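These notes concern the structure reproduced below.
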Amino acid sequence: MELFMKPSEVKLALHLWNRGHWKDYIFSQGMLFTASLLLVFFLTIGLGVQNLLDRFLSNDLPAEQVRVTPAGLQAGFFQTETGGMEITEEIKNELESSPLVERVDPQIYAHVPALLRGQLGGQPYYTDITLEGVTGEFLGDSLLKDIDWSYMLEDSSSSFLPIILSENLLILYNAGFAESNDLLGLTPEGVLGTECIVTLGRSSIANLDHPPVTVRARIEATSRNMNLFAIGVPFEFVDEMNSMFLPDDTRRYSALVLTAKTAEDVPEIVRAVEETGLRAETRRGIAQKAEILVGAVTAALAALAAAILLSALSSAIHTLVADLKNRRFALGVLMALGTPHNRLAMIFAFQIFFMSFVTMVLGAALGCIFSWGASSALLSLSPVLRASVDSLAVFPATWLATGIGVMLATSTGAAYIFFGRILKTPVTRLLRP
Amino acid sequence: MSIIEARNISRSFDDMNVLSGLNLDVRKGEFLAITGKSGVGKSTLLAILGTHDLNHDGTLIVADKDTGKLSSSELAVLRREYLGFVFQDFHLLPSLTAMENVILPVVFSGGNLEYARNHAGEVLEKLSVRIDDTPTSLLSRGERQRVAVARGLVNKPSVLLADEPSASLDEESEQTLFDLLDDLRKQQNFALIAVVHSTVILHRADRVLELKDGTLHETV
């Protein structure tokens, strides 16, 4: 007698074995199908959401840098919270003199209304803007290797005002303005080299008595570190414009980016900054906040998936075991008639393990299709999402294979343990009514 | 030459001794009838001889093999190749047809299915069992009993153990069944060990043994 059976023999054996029990068998397989479908759906969508949050919350702030900002939110000449601590020249000097600080890169808003005009997709457009001056040192050599980041008004006749855009601003543009005006979306690569006209002293909501200043500008780079509400331009140009339009105002910085001598000094610097009433952000701090948010969303999705998975799995295990329990007698008959254990084990391995595997792979495939469909539907409904990610579903092959493997091992393992116990039971006991 | 040798077989359930030092030799081709009062252990004896009950003392040798020294897979081979069994309650799978029940051991053991089908067809026909798609749950008790007999014979065993094989049959059917068993026994030379109560059938046996007080006693 050979251990392995021919496919036709296995087919006939399963056909006879399952006669009258197909309903139970299909039900148990249906449970496994549902379990794998739900697992894959929630896993792929959960990871996709995590990916999306990571995309929104990530930052490129180096480990040794601290971003110092006023406690209230300030965008150009708008201040959402008054009475907060402002970043003055004295504070900047004080921080610069700290032995822990290697360098201070100041950032400054243009406290004058500004208007930007240009052509987008052949269509004229204009928009009010806020300019923020940043230093070349802050932007770094890699970003500025092909850009001349020095610009004063006297250069306006011979060169363009260089602009660095926030990538998140592009996302907002794509998701809102472009969507509602039927304009083409913009990619970071696509906007490079775009030329426009920037007018200071004029906007659609405010005009100053001082004659306006108009310069030609060009988008030279994009960055994820830039202020979302402002367009980055050379620091000295903004400083020059503030002095020209508001000569009586003292210089106030929108932010200071401190570079610590070592990353270990960062906590000490943060403490010192916070003692002054200013806000200090570090990569670790931002990452921690992001981690908490992403972790909470992931945990919620995982808990939901686990709850559904556990109930589906327990139903599948219960059904598989109940099916075997009901058929102890039939197994006893087969054993009494001389069917060897290894043959029975092989047939049940096929029925329980192989068929369950096929069922779960099919369930997983449908889960992938569902999550892909859900992702497509959500992206088509939300321009913000569409502008941020290509897909809301992530399909990590290793995770999916592991998930299905664990489910397969759990459900069929439980059934197989029970099956093994039946095989060890004396035939006379199995045949007992 | 003995196909079965049972030496000093004892079996007890809890504190009750059912078989006590039982000895038995069964020759090839003989019809051995076992009789005895209800509850004396006839079915237990058949379960031991059929290697279904292994929890006994003593030695059982079937086809020159000491069953106490065989592994589960060797026991399975022994059951399949040497022993046929007709259970008192038939033990058919109710959702299968007569033919499917008969060939079931062959299907699961990887024997010659074509041969088994033909042979099963012959036996079922001789036993007047209809060969169609009717599940055995819908057959009469007599028909089911004949299907059980056919299943016991399909592997051409050396020993057929039958626990009251004619219990559900009328006198005429009982005679027909034993006529057939006699014919097949002569053709295939298998030993028939049957628990029998009918006096008519007892007269057909080569030997009649009464199970009493845990041992077998030959009767005239």
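The values are calculated or read from the model by the stated rules, or taken from the named source; none is laboratory data. This structure is a prediction, so every number in the text was calculated from the model and none was measured. Heads up, the Cβs are rebuilt from the backbone with ideal geometry, glycines too, and the neighbour counts pull from every protein chain shown.
Results for (1) modelled with pLDDT of 90 or more; (2) surrounded by 23 or more Cβ atoms within 10 Å (Cβ to Cβ), shown as yes or no for each residue.
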position	(1), (2)
A:219	yes, no
A:230	no, yes
A:243	yes, no
A:252	no, no
A:260	no, yes
Entirely in the range A:1-97, the helices (runs of 4 or more DSSP H) that have 3 or more residues that are at pLDDT 85 or above and away from chain B (no Cβ under 14 Å): A:22-57, A:89-96
Can you work out which of the residues in the range B:1-36 that are touching a strand residue (DSSP E or B) at 6+ places or on another chain (Cβ under 8 Å) and assigned to a loop (DSSP other than H, G, I, E, B) is modelled with the lowest pLDDT? B:1
Pick out the one residue from B:173, B:168 that is of a type in the set (Gly, Ala, Ser), part of a loop (DSSP other than H, G, I, E, B), in contact with a Gly (Cβ under 8 Å, 6 or more places away or on another chain) and farther than 13 Å from residue B:34 by Cα. B:168
Quick one: residue A:428 ticks every box in (1) under 16 Å from residue A:323 (Cβ atoms); (2) of a type in the set (Val, Ile, Thr); (3) surrounded by 14 or more Cβ atoms within 10 Å (Cβ to Cβ) except a single one, so which number is it? (1)
Look through A:338, A:332, A:295 and report the one residue that is within 18 Å of residue A:427 (Cα to Cα), free of Cβ contacts under 8 Å to residues at least 60 places away in the same chain and of a type outside the set (Ser, Thr, Tyr). A:338
Does residue A:205 satisfy being crowded, with 19+ Cβ neighbours inside 10 Å, modelled with pLDDT under 90 and either over 23 Å from residue A:253 (Cα atoms) or basic (Lys, Arg) (or both)? no
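Residue by residue, here is whether (1) assigned by TED's automatic domain parsing to the domain that holds residue A:159; (2) touching a residue at least 60 places away in the same chain (Cβ under 8 Å) holds:
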{"residue": "A:226", "(1), (2)": "yes, yes"}
{"residue": "A:257", "(1), (2)": "no, yes"}
{"residue": "A:272", "(1), (2)": "no, yes"}
{"residue": "A:275", "(1), (2)": "no, no"}
Restricting to the range A:137-192, count the residues that are among the hydroxyl-bearing types (Ser, Thr, Tyr), assigned to a helix (DSSP H, G or I) and within 28 Å of residue A:65 (Cα to Cα). 1
Specify which of the listed residues (A:365, A:414, A:374) is assigned to a helix (DSSP H, G or I) and closer than 30 Å to residue A:168 by Cβ. A:374
Checklist (1) surrounded by fewer than 18 Cβ atoms within 10 Å (Cβ to Cβ); (2) in a helix (DSSP H, G or I); (3) among the charged types (D, E, K, R) applied to residue B:100, failing item: (1)
What tally of residues in the range A:123-145 results from selecting those that are exposed (fewer than 14 other Cβ atoms within 10 Å of the Cβ) and touching a residue at least 12 places away in the same chain (Cβ under 8 Å)? 1
Residue within the range B:53-61 that is within 21 Å of residue B:111 (Cβ to Cβ) and touching a residue at least 12 places away in the same chain (Cβ under 8 Å) present: no
Go through (1) within 13 Å of chain A (Cβ to nearest Cβ); (2) in contact with a helix residue (DSSP H, G or I) (Cβ under 7 Å, 6 or more places away or on another chain); (3) not in a helix (DSSP H, G or I) for residue B:129 and report which single condition fails. (1)
For residues that are among the hydroxyl-bearing types (Ser, Thr, Tyr) and more than 12 Å from chain B (Cβ to nearest Cβ), scanning just the range A:309-342, find the one that is nearest to residue A:40 (Cα to Cα). A:311
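Residues checked against (1) exposed (fewer than 14 other Cβ atoms within 10 Å of the Cβ); (2) within 14 Å of chain B (Cβ to nearest Cβ):
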residue: A:389; (1), (2): no, no
residue: A:403; (1), (2): no, no
residue: A:409; (1), (2): yes, no
residue: A:414; (1), (2): no, no
residue: A:418; (1), (2): no, no
residue: A:433; (1), (2): yes, yes
Any idea which of B:48, B:103, B:61 is more than 8 Å from chain A (Cβ to nearest Cβ) and closer than 22 Å to residue A:5 by Cβ? B:103
In the range B:45-59, what residues are more than 12 Å from the chain's Cα centre (by Cα) and buried (at least 22 other Cβ atoms within 10 Å of the Cβ)? B:56
Considering residues of the range B:135-147 that are within 13 Å of another protein chain (Cβ to nearest Cβ) and either among the β-branched types (Val, Ile, Thr) or within 19 Å of residue B:172 (Cβ to Cβ) (or both) only, the residue farthest from the chain's Cα centre (by Cα): B:136
Here the residues within the range A:309-329 that are of a type in the set (A, V, I, L, M) and either touching a residue at least 24 places away in the same chain (Cβ under 8 Å) or outside any helix (DSSP H, G or I) (or both) are A:309, A:312, A:313, A:316, A:317, A:320, A:321, A:322, A:324
Only unsatisfied item for residue A:352, checking (1) of a type in the set (A, V, I, L, M, F, W, C); (2) closer than 18 Å to residue A:15 by Cβ; (3) within 14 Å of chain B (Cβ to nearest Cβ), is (3)
Any idea how many residues of the range B:107-120 are within 9 Å of chain A (Cβ to nearest Cβ), closer than 20 Å to residue B:85 by Cβ and assigned to a helix (DSSP H, G or I)? 3
Residues of the range B:182-206 being closer than 25 Å to residue A:428 by Cβ and at pLDDT 90 or above, which ones? B:190, B:191, B:192, B:193, B:194, B:195, B:196
Report, by residue number, each residue of the range B:64-90 that is surrounded by 21 or more Cβ atoms within 10 Å (Cβ to Cβ), without any contact (Cβ under 8 Å) to a residue 60 or more places away in the chain and within 8 Å of chain A (Cβ to nearest Cβ). B:76, B:79
